[in-house]
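So the structure is just underneath, and the comments pick up after that.
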Amino acid sequence: MDSEFLAGLGGDPDEGDSAFVHHAAAPTPPDGDVYGNLWIVENDRIWDLGPADVDTDADGVADSLTRPGPNGLTVYTDSDRDGQVDLITEVHRDGGFSSARLDRASGEWVATDSGRLE
Ligand SMILES: [Ca+2]
Ligand SMILES: [Ca+2]
């Protein structure tokens with residue numbers, strides 16, 4: 001299960017319709033900036049999502065950013081402050097939501113929660 005959450009990443013970068021910056025290099029974290037832009041690995045690509053602008057856990061550090069997704073809004077969260085997005089929550093237009101967390105060991109996205117926002 002990954003295509004649903006990654007569908008919002010824009011598909012083929014050559015089509016030029018993505019909001020994200022495509023890095024052609026191998027998936028290595030950006031150097032030097034401990035907490036700069038958020039980034040996400042999709043297969044062998046790194047997508048630079050830009051700087052976090054939402055503080056979802058109210059610790060004073062922005063950890064998430066939002067993008068329009070295929071079915072509503074997608075929230076990309078870096079929960080451990082290494083810059084790599086490890087939690088994706090998709091908020092659907094009908095009020096439902098579903099989330100997936102990155103399994104570090106396998107690199108797979110694992111569905112963690114779903115339901116409906118009150
Ligand atoms: Ca935070
Ligand atoms: Ca992270």
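Just so you know, all these numbers are worked out from the coordinates, no wet-lab data involved. All values reported here derive from a predicted model rather than from experimental measurement. All Cβ positions, even for glycine, are placed from backbone atoms using ideal geometry, and neighbour counts span all protein chains on display.
For region 62-115, report the convex hull volume of the alpha-carbon atoms normalised per residue, in Å³, without decimals. Working shown, then result.
Numbers: hull volume 4.2 nm³, N = 54.
In region 62-115, the Cα convex hull volume per residue is 78 Å³.
The HN-Hα couplings worked out from phi for region 73-90 by the Karplus form 6.51 cos²θ - 1.76 cosθ + 1.60 (θ = phi - 60°) are 10, 10, 10, 9, 10, 9, 8, 10, 6, 9, x, 7, 4, 10, 9, 10, 10, 10 Hz, whole numbers, x standing for Gly and Pro.
First check a/c for region 46-86, with a ≥ b ≥ c the square roots of the eigenvalues of its C-alpha gyration tensor; if it is under 1.5, answer rounded, and if not, answer prolate when a/b is larger than b/c or oblate otherwise. Oblate. Once both labels are positioned 7 Å from their Cα atoms along Cα-to-Cβ, the gap between Asp48 and Asp82 label points is 2.0 nm. Computed from backbone phi, the HN-Hα couplings of region 39-49 come to 9, 9, 9, 10, 6, 9, 10, 10, 10, 8, 8 Hz, rounded to whole numbers (Karplus: 6.51 cos²θ - 1.76 cosθ + 1.60, θ = phi - 60°; Gly and Pro given as x). Working from label points 7 Å from Cα in the Cα-to-Cβ sense, the Thr112 to Val61 distance is 1.6 nm.
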